[in-house]
Amino acid sequence: MKHLLKLMDCTPEEILGILDLADRLKAERKAGVAHPLLAGKTLGMIFEKSSTRTRVSFETGMYQLGGHALFLSSRDLQIGRGEPVQDTARVLSRYLDGIMIRTFAQEEVENLARYGSIPIVNGLTDFCHPCQVLADLMTIREHKGKLAGLNMCYIGDGNNMANSLIVGGLKMGMHVSVACPKAYRPDPKVMAFTEEYPGMFLCTELPMEAAKDADVIFTDVWASMGQEAEKAERERAFAGYQVNAALLAAAHPGCMVQHCLPAHRGEEITEDVFEAHAAEIFDEAENRLHAQKAVLVTVMK
């Protein structure tokens, strides 16, 4: 496995390998055991979209692995002034041992991998968010002891989170249901992917139908970064797509709730549900660190 561009590219065995390594690295860290597996290596982190969790977890992760992380804002790079991505890829490949990029277009990530000669990790695009979903899968397995056979539910916008949760969940043998308005369904490429898993996927406009017997429920903000101008329109469209006590009543007893953060309490999730499941949600946030360290070791070691 040379890159992590999207979960569609990964085999189930590769995903499980990352999750197993993440569990080991987390346990070692908690036990005070150092693991300088990337000593002397440098990760360039390109941010065309700002972030809290992505920057801090990748930067900390590289430090804990014995390497160095270099923050590269698009404002400071020639790529932000029109330099072709293929040139940036070839230049940075001469300096760095790997690149993590958080950007808008999936094509930009794919082109970095196509023209560069070092590992590329997708920190987020408008199409997918593979690192977050690896952390999500890690968290579910920690709490439930397994992935295969569980019912995963996602409520809200069919965005990059929905796309990656669908792919990751199905590849891990989970039954996946998604509830979203018709105009905000997941990407057509992802919907086509689900056809490879007959009987394991449901896309509906009815949140209660999606939440029935769920073992874990996910949600995300109604208006993601760059969609602020659509906020009022999206609030109207998603008014019935809230994770609340009534929705959880349709789920399996002991259902987990997960949120990639930041959360808008009172919109996609109620305050009481968020706080009741805060331990799980912040385990999920912490696991970004461990899952991403496992990704970096897998592609860079």
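The values are calculated or read from the model by the stated rules, or taken from the named source; none is laboratory data. Treat the numbers as computed from the prediction; the structure is a model and nothing was measured. Please note: Cβ atoms are built from the backbone with ideal geometry, for glycine as well, and neighbour counts cover all protein chains shown.
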Practice item. Please tell me if V109 is surrounded by fewer than 21 Cβ atoms within 10 Å (Cβ to Cβ) and closer than 15 Å to G44 by Cβ. Key: no
**Study point:** Within region 39-69, considering residues that are of a type in the set (V, I, T) and assigned to a helix (DSSP H, G or I), the one surrounded by the most Cβ atoms within 10 Å (Cβ to Cβ)
**Key:** T54
Review point. Does region 73-80 include one or more residues that are acidic (D, E) and either at pLDDT 95 or above or assigned to a strand (DSSP E or B) (or both)?
Key: no
Exercise for review: Output the number of the condition that D283 fails; it satisfies all remaining conditions of (1) within 30 Å of D9 (Cα to Cα); (2) assigned to a helix (DSSP H, G or I); (3) without any contact (Cβ under 8 Å) to a residue 40 or more places away in the chain.
Suggested key: (3)
Check your understanding: In region 159-178, which residues are of a type outside the set (A, V, I, L, M, F, W, C) and assigned to a strand (DSSP E or B)?
Key -> H175, S177
Review point. Quick check, is V121 outside the structural domain of E235 (by TED's automatic domain parsing), surrounded by fewer than 22 Cβ atoms within 10 Å (Cβ to Cβ) and of a type outside the set (F, W, Y)?
Key: no
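Yes/no matrix, rows are residues, columns are (1) out of contact with any Leu (no Cβ under 7 Å at 6 or more places or on another chain); (2) in a strand (DSSP E or B); (3) among the basic types (K, R); (4) closer than 16 Å to V257 by Cα:
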| residue | (1), (2), (3), (4) |
| --- | --- |
| V121 | no, yes, no, no |
| F127 | yes, no, no, no |
| E142 | yes, no, no, yes |
| L147 | no, no, no, yes |
| M152 | no, yes, no, yes |
| D157 | yes, no, no, no |
**Study point:** Subset of region 82-117 (residues that are touching a Ser or Thr at 6+ places or on another chain (Cβ under 7 Å) and closer than 22 Å to T11 by Cβ)
**Key:** Q106, V109
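Listed here are the residues, each with its yes/no results for (1) in contact with an Asp or Glu (Cβ under 8 Å, 6 or more places away or on another chain); (2) in contact (Cβ under 8 Å) with a residue 24 or more places away in the chain.
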{"position": "P188", "(1), (2)": "no, no"}
{"position": "W222", "(1), (2)": "yes, yes"}
{"position": "E230", "(1), (2)": "no, no"}
{"position": "E235", "(1), (2)": "yes, yes"}
{"position": "G240", "(1), (2)": "no, yes"}
{"position": "A251", "(1), (2)": "yes, yes"}
